[in-house]
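The values are calculated or read from the model by the stated rules, or taken from the named source; none is laboratory data. Predicted model only: the values in this text are computed from it and were never measured. Here the Cβ positions follow ideal geometry from the backbone for every residue, glycine too, while neighbour counts run over all protein chains shown. The accessibility values were calculated without ligands, DNA or RNA, using every heavy atom of the protein model including side chains. Shrake-Rupley method; radii C 1.70, N 1.55, O 1.52, S 1.80 Å.
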Amino acid sequence: MKLQRKIIGILIPVILLPLLVLGWFAYTQLVSIYEEKSLDHINTLITQISSNYETRVNNTIANIEQLSQSSLLVKYVLTESEEDRYSLLHRPLQRLLNSYQNSYPEYYEIRIILPDGEEDFHQATDYSNSHAEDEPAPPVIQEMISSKKEIFTTIAINPGNKEPALYVSKRMVLNDRSIDAASKAPKLRGYLLVTVSLEVLQKTIESTRFGKTGGLFITDNTGYVIFNPQSSLNNMLVDTEQNIDTHSSIILPWLFNRLRTNTENLSTYKTDIDSQVSFFKGINLGEHLYLFARLPEDELQDKVAWLKNIVITIAVMAILLTSLLIFSAIKYFILNPIQILDIAAHEIGRGKLDTIINIDRDDEMGSLAHAISEMSINLQKSDERVRYIAYHDTLTGLPNRLMFRDYLRHTLAHAKRNNEKLAVLFLDLDNFKWVNDTLGHHNGDIFLKEIADRLEHTLRDTDYIAQTSGDDEADNIIARLGGDEFIILIPNISDNFIPSKVAARIIESMHDPVKLGNHNFSTGASIGISIFPDDSEDIDTLIKYADLAMYHAKESGKNNYQYFAETMNESLSIRIALEKQLNEAIRNNEFQLFYQPKIDIKTGSIAGAEA
């Protein structure tokens, strides 16, 4: 099988599976978003209906308040003689109320009810289908009287037209100023009761559909359905109780209680009734009225079915298009160049390299790997050897001065960019010259290798030491500068005390003696420390300051460490000036020799002299 066929075999599952998963995820997210938007739309709708209903109720209350204060109506209620009311005030009151009904056609019945509940006056339009002697349903009047509220509102079935209606009443609590004393408390003279048509609300409820079976319905506080489009409720949701007065149905009690609870925060309630899942939202229209919306889950699924088809279509097209584009790119960027490189690699390999690598592959990549391997093995060996010699100490295998400076330059630039600190430790072995002088240079080389291994082991306990070509990012690097001098870089230190801990650990590691033949030799280490950027931001200056601090460590008794301080520069300047003066004095023969005699105090004779 050629590489081209292999790539096709890999691309198909690699592209197919992720896109299918992505398509399914997109579909579920779209369904969730569509469901959320549908429920938000229902929430907005029922909130708007509730607002319109509340506005209707508030307007009716304001109008009935205004009507109750009309002088004619007040006079009619205060007239106790029934004969006088009917003979003198009945017809003018009819005209007054008729004008109200002309302005507000929805007020199709206006009544005056006496305190005992008996109807005294009834003004009706043709819409009511009732006669003057008809009365509203007794429960309405009984509820109105027992409520003791100044303004009473409720919804009930009008017995005249068998339609739900809004009833709004006003208590007429008045004093007859022509008879009653001013201090006498007013008393209840009757009730002004207005019957308001809910035809607009009913048409809105009946015309609002969510699919085929979803819709709106209104219940009272007992669960009786007042407005009920039969398509939105069925026997699965209600207990049917045919009643001559109400012609209503009752919501299942457990369902109604849950729906009424969820109206407090307009939350969505999802339930499964007889294997039919539905979403419900509701809102309280008043003390006795609830508006609910039902959205069957099947309706949502029907709506989002087209989303599935779109997602599938997009996924298939994406798979085909992506596969075509990726394969074309691979062919253009990989397969064709491989064929060209294959020929070139064979030409180079046949003419200059002898190493043969057998790779059991029969495609273009195998042939290319064979040719490149022939070249890379030889070139890599040569390059690694050259780089190793150029950057490492041949005796200890540690990085040399050149590699250390390159690494320090790289680390210093990184530290400047990231506002970090680093430390340079300059180490010189104490009394190493004695090893070379007494045991020979061969043993001195063995001693230096042991010291290098000991330094690596000591630092490796907690720190990583880079002994590579310098390409790797390392925490620390240790290098041999020559003779018995070593230098250590510690990057990214959090405080200036860390280098001292490393130096102390190195000095402690030198205590164990090194066995050289039949001899055990112990040494110490003097270490100087300079800090970037506290001491300097220059590579050479940091190394020089660490070297200077090391000399101060030797002058302080050896086998210790010293941090660089500015006073060391001053001492160095003084020392350099003194050496210069001494050299000049030697050249100018400015020295004079004096002898100080030593006296033996017992004999008083001269025992010697000091020059």
For the pair residue 321 and residue 505, the simple spin-label estimate (label points 7 Å beyond Cα toward Cβ) gives in nm 5.8 nm
Just order 60-68, 477-485 by mean Cβ neighbour count inside 10 Å, highest at the front, would you?
477-485, 60-68
Between residue 433 and residue 580, what FRET efficiency comes out of the Förster formula 1/(1 + (r/R0)^6) with R0 = 30 Å and r the beta carbon distance, rounded to 0.05?
0.70
Cleavage-rule hits, trypsin sites (Lys or Arg not before Pro), the range 1-104, DSSP coil, Cβ neighbours within 10 Å at most 14
2
Would you kindly derive the ³J(HN,Hα) couplings of the range 504-515 from the backbone phi angles with the Karplus curve 6.51 cos²θ - 1.76 cosθ + 1.60 (θ = phi - 60°), listing them in order in whole Hz, with x for Gly and Pro?
5, 5, 5, 4, 5, 5, 7, 5, 5, x, 9, 7
Please report the accessible area of residue 570 (heavy atoms, 1.4 Å probe, ligands and nucleic acids excluded) in Å², nearest 10.
110 Å²
For residue 392, other-chain or 5+-apart residues with amide H closer than 5 Å (H placed, Pro excluded) are 400
Burial-style ranking of 511-517, 561-567, average other-beta-carbon count within 10 Å with highest first, yields 561-567, 511-517
Please list, or write none, the lysines whose alpha carbon is within less than 19 Å of the alpha carbon of residue 421, excluding same-chain residues fewer than 8 places away.
501, 544
If I model a spin label as a point 7 Å beyond the Cα along the Cα-Cβ vector, how far apart are those points for residue 611 and residue 518 in nm?
3.9 nm
The Rg/Rh figure for the range 476-611, Cα atoms and Kirkwood Rh, to two decimals is 1.17
Can you order the peptides 581-589, 536-544 by their average number of other Cβ atoms within 10 Å per residue, highest first?
536-544, 581-589
Ignoring solvent entirely, what values of log10 I(q)/I(0) come out of the Debye formula for the range 1-97 at 0.20 Å⁻¹ when each Cα is a single scatterer?
-1.00
Which lysines have a Cα lying under 29 Å from the Cα of residue 270, excluding residues fewer than 8 positions away in the same chain?
37, 203, 212, 281, 303, 308
Return the lysines within reach of residue 6: Cα separation strictly under 29 angstrom, same-chain partners fewer than 8 residues apart disregarded; answer none if there are no such residues.
331
